[in-house]
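**Student:** Encoded as structure tokens, here's the structure I'll be asking about.
Bear in mind these aren't lab numbers, they're just calculated from the coordinates by the rules spelled out. These numbers were taken from a predicted model, which means no experiment stands behind them. Using ideal geometry, Cβ is built from the backbone for each residue, glycine included, and neighbour counts are taken over all protein chains shown.
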Amino acid sequence: MKKMLMMAFLLSASAGFAGTTTQKWTAGWDNFGEPLNYTKSKVAWSVNATSKKLTVTYTLVSAIPGKLYQVDLAFFCSTFASTFGQFPVQGLVNGNDCPTITRQNVTASAAYSEVGVVTTDLNGNGVFAVSIGPIAAGTYKVEFRALDGAGCNLIGGAGNGSDCDSDFQSPGPFGTTTTIVIP
Amino acid sequence: MKRTFLISAVLLLAAAHAFAGATAQKWTAGWDNFGEPLNYKTSKVTWSVNSAKKTLSVTFKLAAARPNKLYQVGINFFCTSFPATFGNYPVNGGGGACNTITRQGVTLSVTSVELGAVTTDEHGNGSFAVVIGPIAAGSYVLEFQTRDSVGCNLIGGDGNSDCADDFQSPGPTFGDTTTITIP
């Protein structure tokens with residue numbers, strides 16, 4: 001009986017926690033000369049179907065030492081809700097429309113959630129992990145990004161200047177997305 | 001059987017020695033700003049030393065601070081002189097003689113390291129975790145600090161225009177310290 005209860009618990013836990021997906025960074029979509037070890041740098045994410053949470057870990061290796069890189073999710077959309085989990089969605093126009101932009105010769109509509117900052121050490125290495133949720137059920141087409149500074153659409157940083165430019169994207173190039181399903 | 005038990009006990013003791021228990025501290029206001037919102041009951045700094053790896057792990061947690069804001073977090077050391085690095089992070093000013101400053105009516109010599117950023121969500125909640133090391137053996141007398149913005153002594157924020165300290169731990173007065181020993 002005990003063994004059966006344990007099996008049931010383990011099965012239920014494994015259903016809640018899907019496996020972690022690891023993706024590489026690519027350059028851009030605005031800046032293409034920022035240093036990075038693309039072999040060792042990565043974005044890792046997983047969905048907990050029970051708690052409706054998305055966990056993301058952004059890792060940068062051999063970027064510029066002592067620098068702030070704001071990290072976010074770019075959603076490719078025609079319309080989008082005003083929040084993604086506990087984070088506000090930035091860039092929406094006319095209510096909840098996703099504005100169109102052109103990067104790398106591709107035109108697409110997108111909106112963004114700014115979720116944190118990777119701060120690099122004296123070797124240019126840094127990590128930031130965040131848990132987002134609960135998130136509304138749906139299928140989300142996203143790119144992860146690292147921006148060229150910190151403060152874009154947030155209080156307390158460099159504001160909305162060149163720090164909003166994207167140094168690194170995953171998967172990339174612009175418009176090549178990852179699909180994340182929240183059940 | 002006895003031998004297995006003994007080996008297990010020795011391994012457990014060794015592991016317990018290497019991973020000292022985590023210490024959780026509360027934030028207090030200041031030492032520069034005293035009006036920044038924060039839930040002082042649920043906000044905290046948690047730290048632990050891994051004596052085998054000579055690393056210090058720190059988690060900075062803010063609850064009910066200002067929503068969608070960037071707060072830079074770091075360590076303020078009380079010292080007469082200090083090396084140029086603290087683990088994998090550069091010491092502001094490049095090390096050497098520590099600078100004398102006066103806050104809350106207390107005059108002391110200090111230097112500091114910038115470790116990362118807490119980004120708050122729409123509820124004003126956020127956290128940042130970092131592992132620092134390997135750190136040179138010694139006893140470090142310090143306060144953890146949260147600055148009112150990001151970019152102080154780092155690239156990619158608003159520079160050194162707003163290095164003011166919103167929260168200190170332990171406090172409540174500048175110079176109330178925690179001692180961390182790296183064996």
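**Student:** For B:GLN104 and A:ALA129, what is the calculated FRET efficiency with R₀ set at 45 Å and r taken between the beta-carbons, to the nearest 0.05?
**Tutor:** About 0.85, to the nearest 0.05.
**Student:** Charges only on Cβ, +1 for Lys and Arg, -1 for Asp and Glu: so what's the dipole of chain A about the Cα centre, in debye to the nearest 20? Intermediate results must be reported in sequence, preceding the final value.
**Tutor:** Working: 11 positive and 11 negative charges, 195 e Å.
In total the dipole reaches around 940 debye.
**Student:** What FRET efficiency comes out for the pair A:SER51/A:SER162, r = Cβ-Cβ distance, R0 = 45 Å, nearest 0.05? Don't skip to the end; give the middle numbers.
**Tutor:** Numbers: r = 37 Å, r/R0 = 0.82.
With a Förster radius of 45 Å, E is 0.75.
**Student:** To the nearest whole number, what is the average tally of beta carbon atoms from other chains within 10 Å of the beta carbons of peptide A:120-130?
**Tutor:** 5
**Student:** Turning to a different aspect of this structure: Over chain B, what is the relative contact order in whole percent, taking alpha-carbon pairs under 8 Å and six or more residues apart?
**Tutor:** On the way: 463 pairs, mean separation 47.0, N = 183.
Dividing the mean separation by the residue count of chain B yields 26 percent.
**Student:** Quick check for me: using +1 on Lys/Arg Cβ and -1 on Asp/Glu Cβ, what's the dipole size of the protein assembly as shown about its Cα centre, in debye to the nearest 20? Could the numbers behind the result be given before it?
**Tutor:** Working: 23 positive and 23 negative charges, 388 e Å.
With only Lys, Arg, Asp and Glu charged at Cβ, the dipole is about 1860 debye.
**Student:** Between A:LEU122 and A:THR179, 0.36 nm times their residue separation minus their Cα-Cα distance comes to what?
**Tutor:** Values: separation 57, 0.36 × 57 = 20.52 nm, distance 3.44 nm.
Taking A:LEU122 through A:THR179 to full extension adds about 17.1 nm, to one decimal.
**Student:** Principal axis lengths of the protein assembly as shown from Cα atoms, whole Å, largest first?
**Tutor:** Its Cα atoms span 64, 57, 39 Å along the three principal axes.
**Student:** What number in nm² do you get for the range A:20-182 if you take the convex hull of its Cα atoms and divide its surface by four?
**Tutor:** Numbers: hull surface 35.2 nm².
Spelled out: convex hull of the Cα atoms, projected over all directions, averaged, 8.8 nm².
**Student:** Output wanted: per-residue J couplings in Hz (rounded whole) for the range A:85-100, from phi through Karplus 6.51 cos²θ - 1.76 cosθ + 1.60, θ = phi - 60°, x for Gly and Pro.
**Tutor:** x, 8, 10, x, 9, 9, x, 5, 10, 6, x, 10, 7, 8, x, 8
**Student:** While we're here: Would you work out if the range B:22-182 is rounded, prolate or oblate? Take a ≥ b ≥ c from the square roots of the eigenvalues of the alpha-carbon gyration tensor; rounded if a/c is under 1.5, else prolate when a/b is larger than b/c, oblate otherwise.
**Tutor:** rounded
**Student:** Next question, about the same structure. Quick one: 3J(HN,Hα) in Hz for the range B:80-93, Karplus 6.51/-1.76/1.60 with θ = phi - 60°, rounded, Gly and Pro as x.
**Tutor:** With the stated coefficients, the range B:80-93 comes to 9, 9, 8, x, 6, 9, 10, x, 8, 10, x, 8, 4, x Hz.
**Student:** Something else: Around A:ILE135, with a cut-off of 11 angstrom between Cβ atoms, what is the net charge of the other residues, counting Lys and Arg +1 and Asp and Glu -1? Please report the intermediate quantities before stating the final value.
**Tutor:** Working: positive: A:LYS52, A:LYS53; negative: none.
Local charge sum for A:ILE135: +2.
**Student:** Compute the length gained on full extension between A:ILE155 and A:PHE32: take 0.36 nm times their separation in residues and subtract their Cα-Cα distance, giving the result in nm to one decimal.
**Tutor:** Details: separation 123, 0.36 × 123 = 44.28 nm, distance 2.66 nm.
Here the answer is 41.6 nm.
**Student:** How tilted is helix A:2-16 with respect to the longest principal axis of chain A? Cα atoms for both, answer in degrees (0 to 90, nearest 10).
**Tutor:** Here the helix axis deviates by roughly 20 degrees.
**Student:** Against the longest alpha carbon principal axis of chain B, how many degrees, from 0 to 90 and to the nearest 10, is the axis of helix B:2-18 turned?
**Tutor:** Roughly 20 degrees, rounded to the nearest 10.
**Student:** While we're here: Among the aspartates and glutamates, select those whose C-alpha is under 18 Å from the C-alpha of A:LYS141, and discard any that sit fewer than 8 residues away in the same chain.
**Tutor:** A:ASP72, A:ASP97, A:GLU114
**Student:** Return the subset of A:LYS52/B:LYS41; B:LYS41/B:LYS61; B:LYS44/B:LYS69 for which the Cα-Cα distance in this structure is over 19 Å, preserving the input order.
**Tutor:** Pairs exceeding 19 Å: A:LYS52/B:LYS41.
**Student:** Okay, next question. In peptide B:125-134, how many Cβ atoms from other protein chains are near each Cβ within 10 Å, on average?
**Tutor:** So the per-residue partner count for this stretch is 3.
**Student:** Taking a point 7 angstrom from the Cα of A:THR21 along the C-beta vector, which residues in the range A:43-65 have backbone N less than 18 Å away?
**Tutor:** Counting backbone N atoms under 18 Å from the label point, the list is A:43-59.
**Student:** Among A:TYR140, A:TYR58, B:TYR89, which comes first, second and so on when ranked by fewest other beta-carbon atoms within 10 Å?
**Tutor:** By the 10 Å Cβ count, ascending, the order reads A:TYR140, B:TYR89, A:TYR58.
**Student:** I've got another one for you. Using R₀ = 22 Å, calculate the FRET efficiency as 1/(1 + (r/R₀)^6) where r is the Cβ-Cβ separation of B:THR178 and B:ALA84; round to 0.05.
**Tutor:** About 0.45, to the nearest 0.05.
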